[in-house]
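A quick write-up on the structure given underneath.
The values are calculated or read from the model by the stated rules, or taken from the named source; none is laboratory data. Predicted model only: the values in this text are computed from it and were never measured. Cβ placement follows ideal geometry from the backbone for every residue including glycine, while neighbour counts extend to all protein chains displayed. The accessibility values were calculated without ligands, DNA or RNA, using every heavy atom of the protein model including side chains. Shrake-Rupley method; radii C 1.70, N 1.55, O 1.52, S 1.80 Å.
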Amino acid sequence: MQQLTDFIKTKVEIKESDLEVILSNFQELKVEKAQFILRTGQIANHYYFIKSGALRFYYEDYEDQLTAWV
(Lines give C-alpha, C1' and ligand atoms only; values in the text may rest on other atoms or scores of the structure.)
Protein backbone atom coordinates (compact mmCIF):
# COMPACT_ATOMS: atom_id res chain seq x y z
CA MET A 1 0.00 0.00 0.00
CA GLN A 2 3.03 2.26 0.10
CA GLN A 3 2.51 3.42 -3.50
CA LEU A 4 -1.08 4.41 -2.75
CA THR A 5 0.03 6.20 0.42
CA ASP A 6 2.69 8.11 -1.48
CA PHE A 7 0.23 9.01 -4.23
CA ILE A 8 -2.35 10.38 -1.79
CA LYS A 9 0.29 12.42 0.01
CA THR A 10 1.36 14.04 -3.26
CA LYS A 11 -2.20 15.25 -3.87
CA VAL A 12 -3.34 16.45 -0.44
CA GLU A 13 -2.11 17.23 3.04
CA ILE A 14 -3.62 14.59 5.27
CA LYS A 15 -3.44 13.56 8.91
CA GLU A 16 -1.99 10.11 9.49
CA SER A 17 -5.20 9.02 11.25
CA ASP A 18 -7.31 10.06 8.25
CA LEU A 19 -4.94 8.28 5.88
CA GLU A 20 -5.25 5.09 7.92
CA VAL A 21 -9.06 5.25 7.62
CA ILE A 22 -8.80 5.62 3.85
CA LEU A 23 -6.28 2.81 3.48
CA SER A 24 -8.37 0.48 5.64
CA ASN A 25 -11.01 0.58 2.89
CA PHE A 26 -8.62 -0.67 0.20
CA GLN A 27 -7.59 -4.20 -0.57
CA GLU A 28 -5.09 -5.42 -3.11
CA LEU A 29 -6.53 -7.08 -6.20
CA LYS A 30 -4.39 -8.74 -8.81
CA VAL A 31 -5.94 -8.71 -12.26
CA GLU A 32 -4.56 -10.91 -15.02
CA LYS A 33 -4.04 -9.65 -18.55
CA ALA A 34 -7.30 -9.59 -20.54
CA GLN A 35 -9.37 -9.99 -17.36
CA PHE A 36 -12.44 -7.76 -17.02
CA ILE A 37 -13.08 -5.87 -13.81
CA LEU A 38 -16.40 -4.49 -15.04
CA ARG A 39 -18.71 -5.69 -17.78
CA THR A 40 -21.37 -3.94 -19.84
CA GLY A 41 -24.39 -3.12 -17.71
CA GLN A 42 -22.57 -3.40 -14.39
CA ILE A 43 -22.43 -0.40 -12.10
CA ALA A 44 -18.98 0.59 -10.87
CA ASN A 45 -19.05 0.61 -7.07
CA HIS A 46 -15.32 0.40 -6.37
CA TYR A 47 -12.33 2.66 -6.85
CA TYR A 48 -9.12 1.27 -8.29
CA PHE A 49 -5.53 2.39 -7.94
CA ILE A 50 -3.29 0.94 -10.64
CA LYS A 51 -0.04 -0.09 -9.01
CA SER A 52 1.57 -1.31 -12.23
CA GLY A 53 0.52 -2.17 -15.75
CA ALA A 54 -2.14 -0.53 -17.86
CA LEU A 55 -5.89 -0.35 -17.99
CA ARG A 56 -7.94 -0.31 -21.16
CA PHE A 57 -11.47 0.89 -21.07
CA TYR A 58 -13.83 1.20 -23.95
CA TYR A 59 -17.42 1.84 -24.74
CA GLU A 60 -19.49 1.35 -27.81
CA ASP A 61 -20.91 4.45 -29.39
CA TYR A 62 -23.29 3.64 -32.22
CA GLU A 63 -21.29 1.22 -34.38
CA ASP A 64 -17.79 2.21 -33.21
CA GLN A 65 -15.79 0.93 -30.28
CA LEU A 66 -13.96 3.83 -28.63
CA THR A 67 -10.85 2.91 -26.62
CA ALA A 68 -8.71 4.79 -24.13
CA TRP A 69 -5.56 3.55 -22.41
CA VAL A 70 -4.68 4.60 -18.88
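Odds and ends about this structure:
- Reported count of residues in region 17-43, each being without any contact (Cβ under 8 Å) to a residue 12 or more places away in the chain, acidic (D, E) and open to solvent by 100 Å² or more (accessible area, probe 1.4 Å), is 2.
- If the condition is being acidic (D, E) and either closer than 24 Å to W69 by Cα or open to solvent by less than 100 Å² (accessible area, probe 1.4 Å) (or both), then region 1-15 contributes only D6.
- Annotation note: of I8, I14, the sole residue that is part of a loop (DSSP other than H, G, I, E, B) and at pLDDT 95 or above is I14.
- Summed over region 53-70, residues that are assigned to a loop (DSSP other than H, G, I, E, B) and open to solvent by 100 Å² or more (accessible area, probe 1.4 Å) total 2.
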